[in-house]
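Q: Pasting a structure below so you can have a look.
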Amino acid sequence: MNPALELTSVPAWAVRPSTPPCDPAATACTAVAVGAEAVDVATTWLAGAVAPGRLHALASTDEALAVVDAELAEARVGWRLLVAGPLTAVLPLRARALAGGLVDAELSVATTTTDDLLVTCAHCAAVTSAPTHVGGVVPCVGCDRRLLVHHHVSRRQGTFLGYQVDAEQWGTEQWGTGQWETERWEEGA
Amino acid sequence: MTTQPSVDRALVTGFPFPFPTDRYRYTTNVEPAPRVVGTPAGQWGASVVDVDGEYHRELVERAAVLERDPSRYAVLDHMAPACWDTMLTLMRELAATYPDVMSLDGDGPSYVWTNRLLDVEQPFTYARPSTLPDEPLRYVAGQVQEDLVLLDQRDGDLWGDAGLVTFAADWSFGFDVGMSFLEIHGPVPRLRETGVITRAREFIMRLQPGAPYRRTNWTLTIGRQLDVSTERYPEWGPDRPRILTVDDTTFGREVHLRTEVQHLVRLEESGAVLFLIRTYLLPFEELARVEPWRATTAAVLADLPDDIADYKGVAGYRDRAVTWLHARTP
Amino acid sequence: MSTSLSLVVAAVDDTVPGVRSVRLVRPDGGTLPGFTPGSHVLVTCGPPGTSAVANAYSLTGDSVAPRAYTISVLRLDAGRGGSRWVHALATGDRVEVTSPRSAFPPVLAARRHLLVAGGIGVTPILSHLRSAVRWGRDVEVLYAHRPGAAAHLEDLRDLAGDALTCLTDRTALGDHLERRLADQPVGTHLYTCGPAGFMDTVTLAARRLGWPDERIHVEHFGVDDLDPGESFEAVLRASGRTVPVPSGTSLLDALEGAGLSVPNLCRQGVCGECRVRVAAGTPLHRDLVLSDAEKAAADTLLCCVSRAADDRLELDL
């Protein structure tokens, strides 16, 4: 049984695409957009800003992380940051911004798609990026265990927690993990 | 049934039995600490830190867990003052509770920590890392059986920003580091719906130094295993279906009632909250010898709602546990 | 809620006109409880055992294993008499204080600390500064004071060096404040203590410059202490007895004093154990347990913290 997600660490924007407004109190704004779709969202966000804004359109998360680092190093209090893009990009970007000292009120997050998730394996710590959802099952790229995607997101790591879906199946060792149908675990019991 | 006790008697007489009544639900069950609680077998609760006969064994186990998986210890940069604060607070607490074997001499910033149980005599200077052989939080975690979580209070919230947790009951400290108090508890059913967890947060945010509080939590654990973390789930998860196949004698020996005594301490200088989690395990075969404990445990397990049983991981064998306990009615 | 400490005046310092610093120690000279920077104690401003006013004063000294608590008190001749009493203390006098309470702590996660003091509001700022120096925190101090009347100026200079700016002119203060608030690295937290009007000026300027509330910290003395409340009578329906509940005594304490046993745990309005049914009268709810709807229903209350809105409450006890 999964609880209502608003009662967990999973933000609403991690479940469905979102377009947050810009805080009118801002004295400076930066939008960091990953992917073409995100540029539209960022443009809308900046249009709502009262203060001068800058838009960085980037092709990859790594490039965007470098831009966030550079902006954080220069920013003064009063500044607001938007990170926009696929969930797999914005979660690590949010993590970097929070680690850089931003508080939630200074940070807007917009997702253009939530189809893929980053999942940290509780057992081997490898991070798997895969098309799935909360309650779904993905094979771990590190240890090959089949991981149940838990409704639990780390703001520091920017990933969902995954743990072995079939550890309590009697005879797993003999039968191998491939015997179990994904469907029976998808939505939980 | 064997007549030989399977565990040290002190583990029975000092066991903090967690059920005040025959019905268990989540509540904000906090009370001022320390306070001695009498039980049908003995008593518990006389101190904030508790050293018992398992001291050496558990400290060796903690070191082994850390060696295998360093992610059980984490300190976000800004928590360094809270770690020193924790170390000093726990040393004072230990010295006051066990003056025959432990002492903290000096009145700052230079001190000498003595722990005869571990043959330790350690001079150090507060807030000076070079004067200690290890980081302060990890150092003091080598002196106590408790797991340690530090909550930073800011933005009207509590943040789990440091800790050392080697004896987790199906959660992952390493993954949860840096989360807010409510985020950490997101996976627990009913907590926020019933307001219990938001009330607990309000309460913790109002804690004052010098006035520690405590609560208990419980679950069942198969085998005398302290480290049943999510990290190790592939190793202990299969015990749950397996326990349904064992005979009654083995069932009583392997299934343990696990009580966590959790203390909440507001640290003086850093203002952070120290959350201490001390784990006690009692096998059913010993529990059943104390009649009020047997009867109450049977009643609680029989009445436990499915979602709580599921979250605690006992749904699969709680019927067997109830039957087993009923069969031992005198 | 707080423990009481009986201390002795070890020294007084009247160097700054109108401000007296008092050094309080334990009679046995031992170490006092440490405290979070920005903490205050409530000082009973009168001889021990009398019902005197209790004033909150910030602790200005070292916060780890302190040998003394030091407070600095501005003499207010129009006040309730607390500051006049402190100004009449002599070495060796006994003073009752509560254990320190923290309501204005430094944010550990801050990247930088901007401390803005106005007049005698410098006292909690000084203890923030001490801890910033101990832990190597990035800090900047603005101190607004009247010319020639600057308490702890030497302490601030010693601790802050170039990071201290003193301002004695109102216009210069406004300009400087504006400039400095507009140019703080992201991650900075702002702390201010001083007269209410001064703190309003500082916080309004910060908000106008886009500072989110999470980064703005204002000293409110003792906000987390519940006030003692008005006295009232509790009528016990079962026996018809009347139990007086004086100001400063909780309903739970009064009921226990009258020989009743009420289940309770936290005695702070959090656990919900001491809920009792109200038969008549209007409760004054002060707990964290009851929902708004339950409070509005007015048929129960948590007797450890809640009281009567009027002078009488009838309980189903």
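Only the coordinates and a few stated rules stand behind these numbers; no lab work does. Everything numeric in this text was worked out from a predicted model, so none of it was measured. Cβ placement follows ideal geometry from the backbone for every residue including glycine, while neighbour counts extend to all protein chains displayed.
Q: Would you mind checking the radius of gyration and Dmax of segment C:4-98 based on alpha-carbon positions, in Å?
A: 12.4, 36
Q: Using the Cα centre of chain C as origin and beta-carbon charges of +1 (Lys, Arg) and -1 (Asp, Glu), tell me which of C:288, C:106, C:156 is placed farthest towards the positive end of the dipole.
A: The one lying farthest along the dipole's positive direction is C:156.
Q: For peptide C:93-106, how many partner chain Cβ atoms fall within 10 Å of a residue's Cβ, on average?
A: Values: counts 0, 0, 0, 0, 0, 1, 5, 4, 2, 7, 0, 0, 6, 4.
If you average over the peptide's residues, the count of other-chain Cβ atoms is 2.
Q: Report the equivalent ellipsoid semi-axes for chain A in whole Å, largest first, defined as the square roots of five times the eigenvalues of the gyration tensor built from alpha carbon atoms.
A: Values: eigenvalues 258, 46, 36 Å².
Computed over chain A, the values are 36, 15, 14 Å.
Q: Can you list residues from other chains, or at least 5 along the same chain, whose modelled amide H is less than 5 Å from the amide H of residue C:229?
A: For residue C:229, the qualifying residues are C:248.
Q: Also: If you build the convex hull over the alpha carbons only and average its shadow over all orientations, what do you get for segment B:50-105? Give it in nm² to one decimal. It would help to have the intermediate numbers written out before the result.
A: Values: hull surface 19.8 nm².
Mean orientational projected area (segment B:50-105, Cα hull): 4.9 nm².
Q: Hey, what angle do you get for helix C:196-208 against the long axis of chain C, alpha-carbon based, 0 to 90 degrees rounded to 10?
A: The answer is roughly 80 degrees.
Q: Per the Cauchy relation, a quarter of the hull surface: what is the mean projected area of the convex hull of the alpha carbons in chain B, in nm²? The partial results should precede the final answer.
A: On the way: hull surface 65.8 nm².
Mean projected area for chain B: 16.4 nm², to one decimal.
Q: Which whole-number percent gives the relative contact order of segment B:239-316, counting Cα pairs below 8 Å spaced six or more residues apart?
A: On the way: 63 pairs, mean separation 20.9, N = 78.
Here the relative contact order equals 27 percent.
Q: Show me the ranking of peptides B:278-284, C:243-249, C:176-182 by mean Cβ neighbours inside 10 Å, starting with the highest. Display every interim value, and only then the final one.
A: On the way: B:278-284: 22.7, C:243-249: 15.0, C:176-182: 17.0.
Ranked by mean Cβ neighbours within 10 Å, highest first: B:278-284, C:176-182, C:243-249.
Q: Could you tell me the relative contact order of segment A:17-111? Use alpha-carbon pairs under 8 Å, at least six residues apart, and round to a whole percent. If you can, show how the numbers build up before the last one.
A: Working: 185 pairs, mean separation 35.1, N = 95.
This gives 37 percent for segment A:17-111.
Q: Averaged across B:221-230, how many Cβ atoms of other chains sit within 10 Å of each residue's Cβ atom? Can you show the working numbers first?
A: Numbers: counts 0, 0, 0, 0, 0, 0, 0, 0, 2, 8.
If you average over the peptide's residues, the count of other-chain Cβ atoms is 1.
Q: Averaged over peptide B:197-204, how many Cβ atoms belonging to another chain are found within 10 Å of each residue's Cβ? Spell out each step's value before the answer.
A: Values: counts 1, 1, 7, 3, 1, 5, 7, 1.
Mean partner-chain Cβ count within 10 Å for B:197-204: 3.
Q: Here's a follow-up. As an exercise, take the mean of 1/r over every pair of distinct alpha carbons in segment B:35-139, invert it, and state the Kirkwood radius in angstroms.
A: Values: mean 1/r = 0.0645 Å⁻¹.
Mean inverse Cα-Cα distance, inverted, gives 15.5 Å.
Q: Report the Rg/Rh value for segment C:232-315, based on alpha-carbon coordinates and the Kirkwood definition of Rh.
A: Numbers: Rg = 11.5 Å, Rh = 12.5 Å.
Here Rg/Rh amounts to 0.92.
Q: Here's something else I'd like to know. With label points built 7 Å along Cα→Cβ from the Cα atoms of residue C:280 and residue C:14, find their separation and express it in nm.
A: Here the modelled spin labels are 5.9 nm apart.
Q: Okay, moving on. Using only the Cα atoms, what convex hull volume per residue in Å³ does the protein assembly as shown have? Before the final figure, lay out the partial values.
A: On the way: hull volume 153.8 nm³, N = 836.
Here the figure is 184 Å³ per residue.
Q: Hey, can you grab everything whose amide H is under 5 Å from the amide H of residue C:284? Only 5+ residues off in sequence or another chain; H modelled, so Pro and N-termini drop out.
A: C:307, C:308, C:309
Q: If you wrap a convex hull around the alpha carbons of chain C, what volume per residue comes out, as a whole number of Å³?
A: Numbers: hull volume 52.2 nm³, N = 317.
Hull volume normalised by residue count: 165 Å³.
Q: Separate question: Sort C:285, A:150 by Cβ crowding within 10 Å, fewest neighbours at the top.
A: Numbers: C:285 21, A:150 24.
Lowest to highest Cβ neighbour count: C:285, A:150.
Q: Over chain B, what is the relative contact order in percent, taking alpha-carbon pairs closer than 8 angstrom and at least six residues apart?
A: Details: 564 pairs, mean separation 69.5, N = 330.
Across chain B, relative contact order equals 21 percent.
Q: Near the amide H of residue B:214, under 5 Å away, which other amide H atoms are found, from residues 5 or more places off or on another chain, if H is placed in the peptide plane?
A: Correct list: B:31, B:33, B:264.
Q: Looking only at Cα atoms, what is the convex hull volume of segment B:230-330 per residue, in Å³?
A: Details: hull volume 13.5 nm³, N = 101.
So the per-residue hull volume is 134 Å³.
Q: Residue by residue, what Karplus-based ³J(HN,Hα) values in Hz, rounded to whole numbers, does segment B:309-316 have, using 6.51, -1.76 and 1.60 with θ = phi - 60° and x for Gly and Pro?
A: Result, rounded to whole Hz: 4, 5, 4, 6, x, 10, 4, x.
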